[in-house]
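Inspection log for the structure reproduced underneath, given as structure tokens.
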Amino acid sequence: MLILLPPSEGKTAPRRGKALDLGSLSSPSLTTTRTTLLESLVRLCGDDPDKAAAVLGLGPAQRDLVQRNADLEDAPTARADAIYTGVLYDALGFDTLSTGARRRATARVAITSSLFGIVRPGDRIPAYRLSGDATLPGTGSVAGAWREVLGGAVTEAVGTGLLVDLRSGTYAAFWRPDASLARRVATVRVLHESAGKRSVVSHFNKATKGRIVRALLEDGANPRTPAALADTLTRLGWTVETGEPTAKGTQLDVVVAEV
């Protein structure tokens, strides 16, 4: 099983650590694209901070993030599971997982990244700012850059197992599974039910996905089909409704009444 997470916009910048070594990251087939995007981002932020702020959607109070990007090649790195923050990652709580669950996370979790494609929890990366819908001058859209190469890396990482795709729409555009993989893809949608009505609420969605990943890692189950995943989540206490298989995979709706 491979659990594919979205990144977080917020990141914790390490105060010390080795500089970035792209060659040390998992999925080495992505090194060329990683290098291209990194060099483009660093050049933009170093040469034209005003333009960089506009491209990255940063306001006046966030100009420090432009400088952070300009310094990425020499910036200190830390494990990816310590860099990403936010609602989903707070609920997942990498740092408080049991020893067994942390070991399973290393093998079963990958995080989508605008700058690095996908990274594993133990990959050492710097804190950066680059949204999935950004377009870098001279390089083009981030999504377009990854669409060319990410499929092979994800497919290799999944192997013969189940892909649990928890990415948001922006990052799902980086790569979509083909028909040969679709039967082994489960996407998860979290629905908040209140007064008999259901809706998708961002905070509930992210927090519940984080808790689902944590529970799966702690439990140790390794479902190999969407139906088996639905059964596992039901056993772990969630209300799950399974959709019909499609060319994009099988959608599981997890219904929650409170966060």
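Tell me, which residue of the range 215-259 that is assigned to a strand (DSSP E or B) and of a type in the set (A, V, I, L, M, F, W, C) is nearest to ALA172 (Cα to Cα)? If you could, list the steps in order and put the result at the bottom.
Taking the range 215-259 as the starting set, the residues that turn out to be assigned to a strand (DSSP E or B) are 239-242, 246, 249-256.
Right, trim to of a type in the set (A, V, I, L, M, F, W, C) and you get 240, 252, 254-256.
Details: VAL240: 22, LEU252: 16, VAL254: 19, VAL255: 22, VAL256: 23 Å.
Top of the filtered list is LEU252.
Checking PHE116 against (1) exposed (fewer than 14 other Cβ atoms within 10 Å of the Cβ); (2) at pLDDT 95 or above; (3) in contact with a helix residue (DSSP H, G or I) (Cβ under 9 Å, 6 or more places away or on another chain); (4) of a type outside the set (S, T, N, Q), only one condition comes out false. Which one?
So the condition that PHE116 fails would be (1).
Do you know which of the residues in the range 191-229 that are modelled with pLDDT of 95 or more and touching an Asp or Glu at 6+ places or on another chain (Cβ under 8 Å) is farthest from GLY161 (Cα to Cα)?
My answer is GLY210.
When residues of the range 104-115 are filtered for being in contact (Cβ under 8 Å) with a residue 60 or more places away in the chain and either touching a Gly at 6+ places or on another chain (Cβ under 6 Å) or farther than 13 Å from ARG79 by Cβ (or both), how many remain? Can you show your working first?
Let us first name the residues in the range 104-115 that are in contact (Cβ under 8 Å) with a residue 60 or more places away in the chain, namely 104-105, 108-115.
The next check asks that each one be either touching a Gly at 6+ places or on another chain (Cβ under 6 Å) or farther than 13 Å from ARG79 by Cβ (or both); those that pass are 104, 108, 110, 112-115.
Residues flagged as in contact (Cβ under 8 Å) with a residue 60 or more places away in the chain and either touching a Gly at 6+ places or on another chain (Cβ under 6 Å) or farther than 13 Å from ARG79 by Cβ (or both) within the range 104-115 amount to 7.
From the list ARG176, ARG189, ARG211, pick out the single residue that is of a type in the set (Lys, Arg), in a helix (DSSP H, G or I) and within 23 Å of GLU9 (Cβ to Cβ). Spell out how you get there, then give the answer.
Values: ARG176 fails: in a helix (DSSP H, G or I); ARG189 fails: in a helix (DSSP H, G or I).
The conditions single out ARG211.
The values are calculated or read from the model by the stated rules, or taken from the named source; none is laboratory data. Computed from a predicted structure; not experimentally measured. Here the Cβ is made from the backbone with ideal geometry for all residues, glycine too, and neighbour counts use every protein chain on show.
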